[in-house]
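A.B. asks: One structure, as structure tokens, below. Some questions next.
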Amino acid sequence: MDELQAMRERHSVRSYTDRPIEGATLEALQRFVEQCSRESGLHLQLVLDEPEAFSGRMAHYGRFSGVRNYVVLAGEKGPDLEERCGYYGEKIVLFAQMLGLNTCWVAMTYRRGCAAGQLRPGERLCLVIAVGYGETNGVPHKMKPRERVMDVEAPPPDWFLRGVDAALLAPTAMNQQKFQFTLRGSTVTATAGIGFYSRIDLGIAKYHFELGAGRENFTWG
């Protein structure tokens, strides 16, 4: 499975079995989280066998069960923190899918005090990603028509349409899909709408767009 296939097959999963992440799968996931942490300048941490963050009423309200493993997305406070967390968090999500694991982005329905990991001074916890072996593989989410999330002046090239279609596969808070991709020449500008966690959603969608469009075909504006 490559990233494009993982992007198409990955869906949010809220209920997990008690099967532990171990062996070669654990080693590969841990290495990848550490690699993304170095590349991004974020403080990304894989937390294992820790049930307390998903033991409260909020987790029950969010219909989570069996979550014992998660990735903490945190970093130094700054204007681009949420977008970077979205971008690199989705890289981890798709890599986990390629390893045969299931995931779910979690913004509110967990106990933040228990899931803070080891934050350094000046850092902020953005959100976490539940990871493990799901009881199911989840179901696809509803998507907007591509015309509602793109702005073009002429019939767009195929690579741009592939990128938009890939972005629409991206998970977003409350399935809002409040982002827009604008094409001028070979320059693409991605903007976030107004909504909960829209900057995180934008980072996720931009990574999907790159995978679908091919990074060699455009420059970000």
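A.B. asks: In the list ARG8, ARG84, which residue meets the criterion of being closer than 16 Å to TYR207 by Cα, touching a Ser or Thr at 6+ places or on another chain (Cβ under 7 Å) and not hydrophobic (A, V, I, L, M, F, W, C)?
C.D. replies: ARG84
A.B. asks: Applying the selection to region 135-176, what residues are among the aromatic types (Phe, Trp, Tyr) and out of contact with any strand residue (DSSP E or B) (no Cβ under 7 Å at 6 or more places or on another chain)?
C.D. replies: TRP159
A.B. asks: Right, next: From ALA24, ALA96, grab the single residue that is in contact (Cβ under 8 Å) with a residue 60 or more places away in the chain and either under 16 Å from VAL131 (Cα atoms) or surrounded by 14 or more Cβ atoms within 10 Å (Cβ to Cβ) (or both).
C.D. replies: After applying the criteria, what remains is ALA96.
Condition check ((1) aromatic (Phe, Trp, Tyr); (2) under 16 Å from the mean Cα position of the chain (by Cα)) across all residues:
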site: LYS77; (1), (2): no, no
site: LEU81; (1), (2): no, yes
site: ARG84; (1), (2): no, yes
site: TYR87; (1), (2): yes, yes
site: LYS91; (1), (2): no, yes
site: MET98; (1), (2): no, yes
site: CYS104; (1), (2): no, yes
site: ARG112; (1), (2): no, no
site: GLN118; (1), (2): no, no
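A.B. asks: If I ask for residues that are at pLDDT below 95 and open to solvent by 60 Å² or more (accessible area, probe 1.4 Å), which ones from region 179-221 would you list?
C.D. replies: Selection gives ILE194, PHE196, TYR197.
A.B. asks: Look through ARG124, ARG146, ARG162, ARG111 and report the one residue that is open to solvent by 50 Å² or more (accessible area, probe 1.4 Å) and either free of Cβ contacts under 8 Å to residues at least 24 places away in the same chain or in contact with a Ser or Thr (Cβ under 6 Å, 6 or more places away or on another chain) (or both).
C.D. replies: ARG146
A.B. asks: Now for a different question. Could you name every one of the strands (runs of 3 or more DSSP E) located completely within region 59-163 that has at least 1 residues being under 24 Å from HIS43 (Cβ atoms) and among the acidic types (Asp, Glu)?
C.D. replies: Per the criteria, 70-76, 123-132.
A.B. asks: Output the number of residues of region 66-84 satisfying the condition of being open to solvent by less than 60 Å² (accessible area, probe 1.4 Å) and of a type in the set (Asp, Glu).
C.D. replies: Matching residues across region 66-84 total 2.
The values are calculated or read from the model by the stated rules, or taken from the named source; none is laboratory data. Only a predicted model underlies this, so the values are computations on that prediction, with no experimental measurement involved. Because the Cβ atoms are built from the backbone with ideal geometry, glycine has one as well, and the counts that use them run over all protein chains shown. Just the protein is used for accessible areas: all its heavy atoms, side chains included, with ligands, DNA and RNA removed. Shrake-Rupley method; radii C 1.70, N 1.55, O 1.52, S 1.80 Å.
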